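Asks: Once you've had a glance at the structure underneath, I'll fire off some questions.
The values are calculated or read from the model by the stated rules, or taken from the named source; none is laboratory data. Note that this is a predicted model, so its numbers are computed, not measured. Cβ atoms come from the backbone with ideal geometry, glycine included; neighbour counts cover every protein chain shown.
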Amino acid sequence: MARQHRTVSWEDLGPEAKAFRVAHGVWSIVGIATLRYIWACALSGRRDRRLWASIGFLSVEGVALVIGRGDCPFGPFQARLGDPVPFFELVLPPRAAKAAVPVLAGASLLGIFVVIVRMAAEHLLARAPASGNAATPLN
């Protein structure tokens with residue numbers, strides 16, 4: 001049997017629950033922005049502090065999801081504030097919301113993997129001896 005889409009209106013939330021929803025929303029926007037930036041760097045070859053900060057941010061998020069066994073570990077805290085609706089269910093149906101976590105985790109891991117593979121390839125190419133096919137000047 002399909003689960004009903006739970007809703008709690010903004011007006012029904014207390015000030016703490018509203019503040020938490022806003023903070024969670026900002027966190028989610030930053031998370032999506034960091035994922036986008038990792039992929040931009042993976043595809044362009046760019047390496048900078050912002051890339052490493054993005055990887056660090058998503059790594060912290062990944063550890064939190066492992067602690068929460070695939071769910072946001074703040075879910076129980078959020079429910080105690082009077083907001084029992086998981087954050088993704090505010091914008092997605094329950095099934096899609098549940099699927100969002102593994103999809104985003106996979107996209108994050110794949111993006112980081114591509115960055116690492118490109119870095120390794122660039123490192124190996126930089127260390128490779130010069131080819132013997134260089135043009136020699138004619139006498």
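Asks: So in the range 43-87, with the set limited to residues that are under 17 Å from Ile29 (Cα atoms) and aliphatic (A, V, I, L, M), which one is surrounded by the most Cβ atoms within 10 Å (Cβ to Cβ)?
Replies: Restricting to residues being under 17 Å from Ile29 (Cα atoms) and aliphatic (A, V, I, L, M), the top hit is Leu58.
Asks: Right, another one. Scanning for something touching a helix residue (DSSP H, G or I) at 6+ places or on another chain (Cβ under 7 Å), buried (at least 18 other Cβ atoms within 10 Å of the Cβ), hydrophobic (A, V, I, L, M, F, W, C) and in a loop (DSSP other than H, G, I, E, B), does the range 88-108 turn up at least one residue?
Replies: Checked the range 88-108: no residue is touching a helix residue (DSSP H, G or I) at 6+ places or on another chain (Cβ under 7 Å), buried (at least 18 other Cβ atoms within 10 Å of the Cβ), hydrophobic (A, V, I, L, M, F, W, C) and in a loop (DSSP other than H, G, I, E, B).
Asks: Another question, if that's okay. So in the range 54-89, with the set limited to residues that are among the aliphatic types (A, V, I, L, M) and touching a residue at least 12 places away in the same chain (Cβ under 8 Å), which one is farthest from Met119 (Cα to Cα)?
Replies: Leu81
Asks: While we're here: Select from the range 109-139 the residues that are in a loop (DSSP other than H, G, I, E, B) and not hydrophobic (A, V, I, L, M, F, W, C) and write down the one among them that is modelled with the highest pLDDT.
Replies: Pro129
Asks: Being of a type in the set (A, V, I, L, M), more than 14 Å from the chain's Cα centre (by Cα) and either under 30 Å from Glu11 (Cβ atoms) or at pLDDT 95 or above (or both) narrows it down to one of Leu90, Leu35, so name that one. Walk me through how you get there before you give the answer.
Replies: Values: Leu35 fails: more than 14 Å from the chain's Cα centre (by Cα).
Going through Leu90, Leu35 in turn, just one is of a type in the set (A, V, I, L, M), more than 14 Å from the chain's Cα centre (by Cα) and either under 30 Å from Glu11 (Cβ atoms) or at pLDDT 95 or above (or both): Leu90.
Asks: Would you please list the contacts, defined by Cβ atoms under 8 Å and residues six or more apart or on different chains, that run from a residue in the range 11-24 that is of a type in the set (Gly, Ala, Ser) to a residue that is assigned to a helix (DSSP H, G or I)?
Replies: Close Cβ pairs (under 8 Å, with a partner that is assigned to a helix (DSSP H, G or I)) amount to Ala17/Gln78.
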